[in-house]
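Chemist: Below is a structure I'd like to ask you about.
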Amino acid sequence: MTNNITIIGLQWGDEGKGKLTDFYSKDAAAVVRFQGGNNAGHTVIIDGQAYKFNLLPTGILQGKLAVIGSGVVLNMSRIIEEINDLRKSLSVSFDGILISENASLIIPGIHPEMDAIQEKANGNASVGTTGRGNGPAYMDKAGRFTIKAGDLLSLETLPIKVEKLLFLHNAIRRGLNEKEIKAEDILNYLKKCGEILSPYIGNVSQRLYDIKKAGGQIVFEGAQGSMLDIDHGSFPMVTSSNTIAAQVSIGAGVPPSELGFVLGIVKAYTTRVGEGSFPTELTDTTGEYLRTAGAEFGVTTGRPRRCGWLDTAIIARSAYLSGVNGITVTKLDVLDELSEIQVCTKYKINDQSPPFLFDAKDEVLQKAIPIYTTLKGWKTSTKGLKDISKLPLNARRYLDFIEKQINVPIISISTGPERLETIEIAKPIL
Ligand code: IMP
């Protein structure tokens, strides 16, 4: 039996995974990112100081080994910046960083630019990506053109790999009347990054195996949310990686039995950034209230997030897909001032009730009519509460209602952005 923890977002991202990963990394030996790239933005606030990450797993603030698995697409400039920022912040010391030799690289000048070119070509059907080059980097990975972190260590073969990658990209760019990219520029950039990053690049699977053999705990930190999963989310308005728990095994190089306790993170309402259907979206003053009270602006791009009521139809589906064992509800305090709160529990699609594991493609969700249950608000501050017995009755009723809809126990509640503004109900133990 493993004591590992896998942390997964059950909505459209921005559920507060960063804070909870930090919270649950206290006893871990390593914290691992297993998918996504610097499209993610994770914030942790400790004693009033905010730490923002796009790539490093937030458990690094607990002084743990920070691991970037092969499932991640790595922007080297961004991780170098994050490492430098951490070194400057004197209050934090950490055990180390390990980057998988098989992580695919996002190369500035190639992938973010291709992201913009594709979005432009999509016109009205654009996805509203973060523009960080994730999609194009995963395309190169699947197309077997990618350059991997380990390639930075083999200077003899690196030029051939750059030529191969540019053979593809320059052909596309010529076709689109875009300026061609010079191999020499890319090669120089890669060499510079390689000099800085080479001490961190290595074999992630073996290291995680050694930690397991020594009885150490591993926390896997998901990025984005289950509804952004490329296979099971609201395609095509999704990210380019798998975001559900099964990806841990692939993107970290551990067997599925090593996922441990799967913790689903659920924000007490719903948000979404970028384009795509959002059945419970509120475009009225309540939506505006949630955005302001919840400070719902993207960590990565600063874009205002779209806000709406909680949707347990999607959360129950996401919880099943990831085999979630327990849930953390975040940002409960944002609802403090509402006198009534609605929760969508199911949809009608084409006048029919779709199955529990409904097809969540964007074109299907466009037709989804949410069916709501109205609950009473609590009109009392829950901000910063640490003790379940102090929760107002209607807040407990709200949480009980969620639990019943999803059929998974709530093991903790986040009542503010600070690490300790958390109510722990049960430990994440299988
Ligand atoms: P991409 O991942 O940058 O390609 O963007 C694809 C879609 O996923 C867009 O709708 C983005 O807004 C969304 N997305 C990507 N990363 C995040 C995230 O960390 N939080 C929320 N949405 C995200």
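Chemist: Name the single residue, out of those in the stretch 224-265 being assigned to a strand (DSSP E or B) and on the phi < 0 side of the Ramachandran plot, that is nearest to the chain's Cα centre (by Cα).
Modeler: My answer is GLY225.
Chemist: Can you name every residue in the stretch 174-192 that is over 30 Å from the mean Cα position of the chain (by Cα), touching a residue at least 24 places away in the same chain (Cβ under 8 Å) and either loosely packed, with under 15 Cβ neighbours inside 10 Å or within 30 Å of ASN122 (Cα to Cα) (or both)?
Modeler: LEU176, GLU178, ILE181, ALA183, ASP185, listed by residue number.
Chemist: For the stretch 19-40, give me each residue that is closer than 19 Å to LEU98 by Cα and near the ligand (Cβ under 10 Å from one of its atoms).
Modeler: Correct list: GLY36, GLY37, ASN38, ALA40.
Chemist: ILE45 - would you say it is on the phi < 0 side of the Ramachandran plot, in a strand (DSSP E or B) and open to solvent by less than 10 Å² (accessible area, probe 1.4 Å)?
Modeler: Taking the combined requirement at face value, the residue does not satisfy it.
Chemist: Select from the stretch 281-307 the residues that are within 16 Å of the ligand (Cβ to nearest atom) and either in a loop (DSSP other than H, G, I, E, B) or not assigned by TED's automatic domain parsing to the domain that holds GLN11 (or both) and list them in ascending order.
Modeler: Step one: of the stretch 281-307, the residues within 16 Å of the ligand (Cβ to nearest atom) are 281, 290-291, 294-307.
Passing the criteria: GLY294, ALA295, GLU296, GLY298, VAL299, THR300, THR301, GLY302, ARG303, ARG305.
Chemist: Looking at the stretch 1-18 only, could you name the residues that are in contact with a strand residue (DSSP E or B) (Cβ under 9 Å, 6 or more places away or on another chain), open to solvent by 10 Å² or more (accessible area, probe 1.4 Å) and away from the ligand (no atom under 14 Å from the Cβ)?
Modeler: Matches in the stretch 1-18: THR2, ASN3.
Chemist: To continue, here is another question. Do you know which residues across the stretch 101-141 are more than 16 Å from ASN54 (Cβ to Cβ), within 11 Å of the ligand (Cβ to nearest atom) and not in a helix (DSSP H, G or I)?
Modeler: Correct list: SER126, VAL127, GLY128.
Chemist: Restricting the search to the stretch 316-358, which residues are within 16 Å of the ligand (Cβ to nearest atom) and over 25 Å from ILE45 (Cα atoms)?
Modeler: The answer is SER318, and nothing else.
Chemist: Still on this structure: Counting only residues that are closer than 19 Å to SER70 by Cα and either among the small types (Gly, Ala, Ser) or open to solvent by less than 10 Å² (accessible area, probe 1.4 Å) (or both), how many does the stretch 226-246 have?
Modeler: So the count comes out to 6.
Chemist: May I ask you to list pairs of residues, at least six apart or on different chains, whose Cβ atoms are under 7 Å apart, with the first in the stretch 297-308 being more than 15 Å from PHE53 (Cβ to Cβ) and the second being within 10 Å of the ligand (Cβ to nearest atom) and of a type in the set (Gly, Ala, Ser)?
Modeler: ARG305/GLY298
Chemist: Quick check, is GLU195 within 16 Å of the ligand (Cβ to nearest atom), of a type in the set (Asp, Glu), surrounded by fewer than 18 Cβ atoms within 10 Å (Cβ to Cβ) and in a helix (DSSP H, G or I)?
Modeler: Against the criterion (within 16 Å of the ligand (Cβ to nearest atom), of a type in the set (Asp, Glu), surrounded by fewer than 18 Cβ atoms within 10 Å (Cβ to Cβ) and in a helix (DSSP H, G or I)), GLU195 does not qualify.
Chemist: What are the residues in the stretch 119-135 that are of a type outside the set (D, E, K, R), at pLDDT 90 or above and on the phi < 0 side of the Ramachandran plot, if any?
Modeler: Passing the criteria: SER126, VAL127, THR129, THR130, ASN134, GLY135.
The values are calculated or read from the model by the stated rules, or taken from the named source; none is laboratory data. As the structure is a prediction and not an experimental result, all values here were calculated from the model. Here the Cβ is made from the backbone with ideal geometry for all residues, glycine too, and neighbour counts use every protein chain on show. Just the protein is used for accessible areas: all its heavy atoms, side chains included, with ligands, DNA and RNA removed. Shrake-Rupley method; radii C 1.70, N 1.55, O 1.52, S 1.80 Å.
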